[in-house]
C-alpha cells in the first residue's frame, strides 16, 4: 500500500537540493531578522513610540539610534523588505524539496524527532506568517484584522525560536547533504543524466523515482530566475532613480515625482488648517513662541540632501531646505534639549505625533523643512512645514507640523 509520501516521485528531491536551498536561507534569514529588529529599535522604544510598546521579556537591548550615516535606515529597512521579498522563491523551493516529510507517519518516533517537528512548525509557520503579513503591509492590504506591527513583532520571535532550534538540529545534516554531490557534477549534468540520490534515512529521496523532467541545475536556474525577477520588480523602491519605474510591486502614490504614503486628504488636512492662519508653537522654555510661516522663512535656513525611508521598504533622496531644529530649540529657550515632541495637524492615526532623541534634534541637518527641491513643500508632503531628520524612520518625519515641545531631559 502506497503512503501519501510515496506519491512524491521527483528524482531531484534529496539531501543535496534541500541543503542548497537551506544554505541560501541560512545566509539571508539572519540579515532579515537583524534588520527587522534594528527597525524596531529605530522607532525609539525608550521614548514609548515603538509598536508594540509592551513586549514583556522580549524587550530588546536599546541604544540611541544614530543620525549618521544619513542613509542608515534606508539601508537596514531596504535590506529587510528587499531580501524578505526575493527569498520567496527559495522558501517555496525549500518547502517543495521537503514536502514528503510533511506526510511522514507517525510524525515523531522519538523525543528528538518531536523537538524537530516542533521547531519545524515554528520555523515554517512563523516564516510564512511573516512573509504574508509583510507583503500585505507593503500593499496596504490589512485583511487580517489585527495590528500588523504587533503581529509581525511577536511572529518574528516565534520564527526566531524555531529557526535557532532548527539550525542546532540540522546543520550537520546540511553539511553532509552539500557534500553528497559535487557542485561541478551538478553543473555538468543535463536532464538525461539526472539521477535520484541513493536512498538514505532523510526520507527525502523517493523510493520509486520518476523520470526526470528537469535537471538539478535547471531547478537552481528556475529558482534563481524567480529571485532575480522579484529583485527587479522591487529593488527600485529603495534605489530610486530610473530603477523606480520598474518597481511594479510598489503601490506608492507620488507627489512632485517622489512617493508619498499618506496624502493630505487621507490625513484630514483641510486648506483652512494650512492657510494663512497656520501657526507653529514652540514650547519648553520660559514662554511659548508662536511663529507663522513667513517668520520661519526669515530664520537661518539650511539645505541638506537627505533620504526619507519608510517601513514598507521604499525610500527616496531629495533636497530639503528649512530651519534647523537646534535653532528652533534655541529660539524656544531650550539650547540643549534632551528630546522633542512633534505634533501634527493630522487627524487620528498612530503617527500624528513623534518623539525625537537629543542627538536627532542636535544634528545640524535635522530640519523643520519648508521647501523641497527648491520649491515650497507640496501639501501631500507636509506643507506648510515638516520634520526631516537623517536616518529617521519615515513615519517619524512628521508632516503638517503644528507644535514642537522641547524637553530638557
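The values are calculated or read from the model by the stated rules, or taken from the named source; none is laboratory data. It should be emphasised that the depicted structure is a prediction, and the values quoted were computed from it without experimental measurement. Don't worry about glycine lacking a Cβ; one is built from the backbone with ideal geometry, like all the others, and counts go over all protein chains shown.
Out of the residues in the stretch 384-403 meeting the condition of being more than 25 Å from the chain's Cα centre (by Cα) and within 28 Å of residue 76 (Cα to Cα), tell me which one is surrounded by the fewest Cβ atoms within 10 Å (Cβ to Cβ).
Only one residue fits best here, namely 401.
Listed here are the residues, each with its yes/no results for (1) under 30 Å from residue 187 (Cα atoms); (2) touching a strand residue (DSSP E or B) at 6+ places or on another chain (Cβ under 9 Å).
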| residue | (1), (2) |
| --- | --- |
| 20 | yes, no |
| 25 | yes, no |
| 29 | yes, no |
| 44 | no, yes |
| 57 | no, no |
| 77 | no, yes |
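Check whether at least one residue in the stretch 216-233 is in the same structural domain as residue 105 (by TED's automatic domain parsing), at pLDDT below 90 and either part of a loop (DSSP other than H, G, I, E, B) or more than 21 Å from residue 37 (Cα to Cα) (or both), and report yes or no.
yes
Quick grid of which residues meet (1) under 14 Å from residue 396 (Cα atoms); (2) at pLDDT below 95; (3) in the same structural domain as residue 287 (by TED's automatic domain parsing); (4) in a loop (DSSP other than H, G, I, E, B):
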position	(1), (2), (3), (4)
305	no, no, yes, no
316	no, yes, yes, no
319	no, no, yes, no
343	yes, no, yes, no
346	yes, yes, yes, yes
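If I ask for residues that are assigned to a loop (DSSP other than H, G, I, E, B) and out of contact with any helix residue (DSSP H, G or I) (no Cβ under 7 Å at 6 or more places or on another chain), which ones from the stretch 117-142 would you list?
139, 140, 141
For the structure I just gave you, tell me whether residue 374 is modelled with pLDDT of 95 or more, surrounded by fewer than 19 Cβ atoms within 10 Å (Cβ to Cβ) and under 20 Å from residue 299 (Cα atoms).
When the stated conditions are applied, residue 374 passes them.
Please go through the stretch 1-18 and pick out each residue that is part of a helix (DSSP H, G or I) and either at pLDDT 95 or above or within 21 Å of residue 184 (Cβ to Cβ) (or both).
Result: 15, 16, 17, 18.
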